[in-house]
Amino acid sequence: MIEVIGLQLIRVNNLTKQYKQRGGLPLIVLDNISLEINNNETVGLMGRIGSGKSTLGYCLLRLISSFSGEIYYNNMRVDQLSQRAFRKQRKKYQIIFQDSSSSLNPIFTIDEQMREIISYYEIVSKVKINNFIDSALEEVGLGYDKKERYPHELSTGEKQRVCIARALLTEPEFIVLDEITSSLDVINESRIIELLKTIKQKRSISYLFITHNAGLVADFCDRVIFLENGKILFEGDKTESLDKIKSYFNTHEVSA
Ligand SMILES: Nc1ncnc2c1ncn2[C@@H]1O[C@H](COP(=O)(O)OP(=O)(O)O)[C@@H](O)[C@H]1O
Ligand SMILES: [Mg+2]
């Protein structure tokens with residue numbers, strides 16, 4: 001068998017996260033999770049509400065700490081890095097949340113918010129910032145006339161596009177998409193999915209796509225991981241997984 005070296009982008013070994021509960025047993029939110037995500041792969045992460053999907057995404061980006069297990073990016077162990085050392089790596093790994101309104105700062109224009117990130121990471125020189133922001137907005141289908149607006153002056157779909165543009169500024173290799181289309185109507189949802197596909201093709205990004213929508217997984221993902229109570233219940237190729245997901249929801253009447 002020929003091994004393709006360097007295919008793996010992320011490797012997680014035995015990730016466990018628990019919260020202390022007052023006067024009781026600890027609440028185990030992630031229970032010994034091991035997984036891998038390859039370069040240029042879209043992995044769907046499904047499971048009922050409270051199954052640990054967001055927590056897994058947050059651990060991967062070290063937005064929450066004090067978990068046990070190992071996380072590797074490009075064969076480099078990152079869970080033991082200091083926050084400072086991880087910050088240098090951090091720009092390669094991004095997350096976009098469901099609620100674009102609270103992800104954006106209401107008191108700054110889109111231009112100001114993007115400018116701040118570009119300066120922080122020193123992405124381009126000052127003279128190039130204007131053009132850089134214009135083309136970042138263009139890539140997500142927003143005219144540059146939108147950049148002087150405040151978040152409340154944009155529609156939900158436009159705000160989510162701004163969040164995508166902002167995440168792309170640092171040229172990430174990996175993006176966690178945490179239910180990012182859940183607040184959108186069906187038309188905007190499918191437009192955002194098409195946009196994410198185009199971006200992936202152009203930039204070779206891997207996505208962890210958290211969703212409760214099996215139809216979107218069928219359309220968008222290469223592979224599926226399904227969580228139940230913090231454990232991987234099953235994972236695999238999307239065609240076989242979708243049958244399992246269907247029968248899971250037929251036997252568990254509670255919605256995702
Ligand atoms: N900061 C926290 N303290 C205690 N419990 C938490 C905390 N954050 C999440 N949880 C619990 O962890 C479980 C998983 O939550 P989450 O990862 O948000 O699930 P999902 O994204 O699949 O809906 C839930 O039971 C939730 O209540
Ligand atoms: Mg969640």
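Derivation of every value follows stated rules applied to the coordinates shown; laboratory data play no part. The structure presented is a predicted model; accordingly, all values stated were derived computationally and were not measured. Methodologically, a virtual Cβ is constructed for each residue, glycine included, from the backbone with ideal geometry; neighbour enumeration extends over all protein chains shown.
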Starting from the Cα of THR109, step 7 Å along the direction of its Cβ; do the same at PHE86; then give the gap between the two resulting points in nm.
3.5
Total formal charge among the other residues, if their Cβ is under 11 angstrom from that of SER66, Lys/Arg +1 and Asp/Glu -1:
+2
Measure nothing fancy, just the Cα-based angle from helix 110-120's long axis to the longest principal axis of the chain, in degrees from 0 to 90, nearest 10.
80
Starting from the range 195-256, pick out the GluC sites (Glu not before Pro) whose DSSP state is loop and whose Cβ has at most 13 other Cβ atoms within 10 Å.
GLU253
Across ARG77, ARG223, ARG166, the residue with the highest GNM fluctuation in the chain (Cα network, 10 Å cutoff) is ARG77
In range of the label at ASN40: residues from the range 54-94 whose backbone nitrogen is under 18 Å from the point 7 Å along Cα→Cβ
74
Percent antiparallel among DSSP beta bridges confined to the chain, rounded to 5, stands at 55
Under a Cβ-only charge scheme (Lys and Arg +1, Asp and Glu -1), can you give me the dipole magnitude of the range 1-89 about the Cα centre, in debye to the nearest 20?
540
Expressed as a whole percent, how much of the Cα-Cα distance distribution for the chain exceeds 31 Å?
27
Could you grab the relative contact order for the range 103-169? Cα pairs under 8 Å, six or more apart, rounded to a whole percent.
46
DSSP bridge pairs, the range 126-256: antiparallel proportion in percent, nearest 5:
55
Long-range amide H partners of LEU9, meaning residues 5 or more apart or on another chain whose placed amide H is closer than 5 Å, are ILE37, ASN38, ASN39
Pairwise label distance in nanometres, THR156 with ILE129, each label 7 Å out on the Cα-Cβ vector
3.3
Angle, helix 156-168 long axis vs. longest principal axis of the chain, Cα atoms, 0 to 90°, nearest 10?
90
The summed charge of the GLU158 Cβ neighbourhood (under 12 Å; Lys/Arg +1, Asp/Glu -1) stands at +4
In terms of modelled amide H atoms, which long-range or inter-chain residues lie less than 5 Å from the amide H of ILE95?
VAL176
Taking amide hydrogens as modeled 1.01 Å from N in the peptide plane, which residues meet the under 5 Å criterion relative to SER206, leaving out close sequence neighbours?
ASN40, GLU41, PHE174, ILE175
Peptides ranked, highest mean first, by Cβ atoms within 10 Å: ranges 168-180, 24-36
168-180, 24-36
For the range 129-256, rounded, prolate or oblate, judged on the Cα gyration tensor with a ≥ b ≥ c (square roots of eigenvalues), a/c < 1.5 rounded, else prolate if a/b > b/c?
prolate
Percent RCO, i.e. relative contact order, over the chain, from Cα pairs under 8 Å lying at least 6 residues apart
27
Does anyone have the angle between helix 129-139 and the longest principal axis of the chain? Alpha-carbon axes, 0 to 90°, nearest 10?
50
With a Förster radius of 45 Å, plug the Cβ-Cβ distance of GLN18 and ASP145 into 1/(1 + (r/R0)^6) and report the FRET value to the nearest 0.05.
0.40
For peptides 105-115, 154-164, sequence by mean Cβ density within 10 Å, most packed first:
154-164, 105-115
Could you pull the Rg and Dmax for the range 108-177, using just the Cα atoms, both in Å?
11.4, 32
Please compute the net charge surrounding GLU138, taking Lys and Arg as +1 and Asp and Glu as -1 over other residues with Cβ under 12 Å from its Cβ.
0
